[in-house]
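The values are calculated or read from the model by the stated rules, or taken from the named source; none is laboratory data. Bear in mind the structure is a predicted one, so any value in this text is a computation, not a measurement. Positions of Cβ are backbone-derived with ideal geometry, glycine not excepted, and every protein chain shown enters the neighbour counts. Heads up: the accessible areas ignore ligands, DNA and RNA and are worked out on the full protein's heavy atoms, side chains in. Shrake-Rupley method; radii C 1.70, N 1.55, O 1.52, S 1.80 Å.
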Amino acid sequence: MSRPKSGRYCVIGAGAAGLAAAKSILDVGCDQLVVYEQTDQVGGTWVYTDTVGNDHHGLPIHGSMYSGLWTNLPKEVMGFPGYEMPTQRRSYIHSSEVLEFMKSYAGNFHVVDYVKFEHLVEQVKPVGAGKWEVIVKDLKNNESTTNTFDYVLVCNGHYFDPAVPNFPGKGVFKGVQLHSHEYRKPDIFRDRSVLIVGSGPSGKDLTIAASRQAQTVFFSHHVHEKLKNVTFPPNVVHVQDISKLHQSEVEFIDGTRHAIDLILYCTGYRYSFPFLHRDCTIEVADNRVNPLYKHILNINHPTMAFIGIPYRVCTTIMFDLQSRFAVKYYSGGKSLPSREEMLADLQADTENRQRRGLSSRQAHMMGGEVQAVYYGDVARAADVKPVPPIMARMHMHSERRRNEDLLKYRNDVFRVLDDNNFEVEYDESLDNRGE
């Protein structure tokens, strides 16, 4: 049996994806592992701070966590294979508990020992013989160094660069305009006339949170048919898409106008990799990261992997799977497909999505049965242990319940029976308000 191939690994980010990547690397062994983390702790998107705007180094705040957030997926699909979340009655838990779990995972597998905190990756560039030149700034000393690696795993997340729509009159409106990235506490809604824009998970949750403080909450979205049977508090008014902003009013496409004090844009985020040199040949257009093999490997430079690009998935479980996929190739356990094979696979995935009526912006969307197919495809391609079928099934059940009973779905309690079966019990006594 041949000895596994070693190498020097660079992991960018110490959130859940970066922790999974580092753990997978340590499992197979390496010559060097460095995890660069811009902030001063592990946890990524699960780290809460009251600060908005820029941090003490003058850099944009990376996190988007707000106070009082409960998970919108059950903890049973949020652990890592072989390292599950602590047992407790609740399935939907507070964000602070998720952060503690991430810290526990990092400590248990000694990943934290390889993290260089307060280190900003300034540039990643391919250099001769398949190597990577990585320029990193030590933020505490304000000093930059250049390092060389064999493999780069990009794990910087995609919930930090807000997508803010540019409606006509945006500069005329005299009220408050915020993206959910800047939102922290519900006090900001008190006694105001609030407009929430966007019907994703945060849009729905923050509509409910705002309704407890605001006089009226106008909820602007274009999925009225999907939400027609969802019960919202009585002070929530569904409105159409925005047409134009005025000084103190917002006009909608049906011609109606309402007086508004605060607009909160829950309009999502853009994939952003400001540190990638153009020679990495990764393009981000219409929120599609291209060209990627299995949504993971940079086809032009396959020793660069992106962990965590797909969405509507069991995040931590997928991060682990994608990491094992990449490291299986990098460690010599599996030969990389040819460039032609990877491009053909990407083309097949693109055409499949087009046939299903998906747009370019949905190039990385999974959800439903699609995620289960994806997990199986990734596992087979690299001959790694697959994800148990129960994970996608619990994810789908949770999404369905969230659409059926937005106010009380977090009272569901999941229990795993085996790799294929689970039970769900509704517990009225739980107070998982998700505010």
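Assorted remarks:
- Beta carbons closer than 6 Å, at least 6 apart along the sequence or on distinct chains, pair a first residue in the range 268-289 that is crowded, with 17+ Cβ neighbours inside 10 Å with a second that is of a type in the set (Gly, Ala, Ser) for Gly268/Ala163; Tyr269/Ala163; Arg288/Ser360; Arg288/Ala363.
- Residue in the range 224-234 that is part of a loop (DSSP other than H, G, I, E, B), of a type in the set (D, E, K, R), touching a Phe, Trp or Tyr at 6+ places or on another chain (Cβ under 6 Å) and at pLDDT below 95 present: no
- Within the range 16-54, the set of residues being open to solvent by 40 Å² or more (accessible area, probe 1.4 Å) and assigned to a strand (DSSP E or B) comprises Gln32, Asn54.
- Within the range 185-205, being under 17 Å from Tyr269 (Cβ atoms) and either at pLDDT 95 or above or assigned to a loop (DSSP other than H, G, I, E, B) (or both) holds for Ile196, Val197, Gly198, Ser199, Gly200.
- Checking every residue in the range 187-194 against the condition of being under 30 Å from Ala20 (Cβ atoms), buried (at least 18 other Cβ atoms within 10 Å of the Cβ) and outside the structural domain of Thr49 (by the TED database) gives zero matches.
- Enumeration of residues in the range 245-278 that are among the basic types (Lys, Arg) and either in contact with a helix residue (DSSP H, G or I) (Cβ under 8 Å, 6 or more places away or on another chain) or closer than 16 Å to Val194 by Cα (or both): Arg257
- Strands (runs of 3 or more DSSP E) wholly inside the range 76-172 that include at least 3 residues being crowded, with 20+ Cβ neighbours inside 10 Å: 119-127, 131-138, 151-154
- Flag for Tyr426 being open to solvent by 60 Å² or more (accessible area, probe 1.4 Å) and hydroxyl-bearing (Ser, Thr, Tyr): yes
- Flag for Ile299 being within 30 Å of Leu206 (Cα to Cα), open to solvent by less than 30 Å² (accessible area, probe 1.4 Å) and at pLDDT 95 or above: no
- Whichever residue in the range 137-179 is under 30 Å from His246 (Cα atoms) and aliphatic (A, V, I, L, M) and, among such residues, is farthest from the chain's Cα centre (by Cα): Val172
- Which numbered condition Phe306 misses (of (1) open to solvent by 40 Å² or more (accessible area, probe 1.4 Å); (2) touching a residue at least 24 places away in the same chain (Cβ under 8 Å)): (1)
- Taking helices (runs of 4 or more DSSP H) as the structural unit, those lying wholly within the range 338-412 and holding at least 2 residues that are open to solvent by 50 Å² or more (accessible area, probe 1.4 Å) and touching a strand residue (DSSP E or B) at 6+ places or on another chain (Cβ under 9 Å) correspond to 339-355.
- The one condition in (1) buried (at least 16 other Cβ atoms within 10 Å of the Cβ); (2) outside the structural domain of Val176 (by the TED database); (3) not in a loop (DSSP other than H, G, I, E, B) that Phe219 fails to fulfil: (2)
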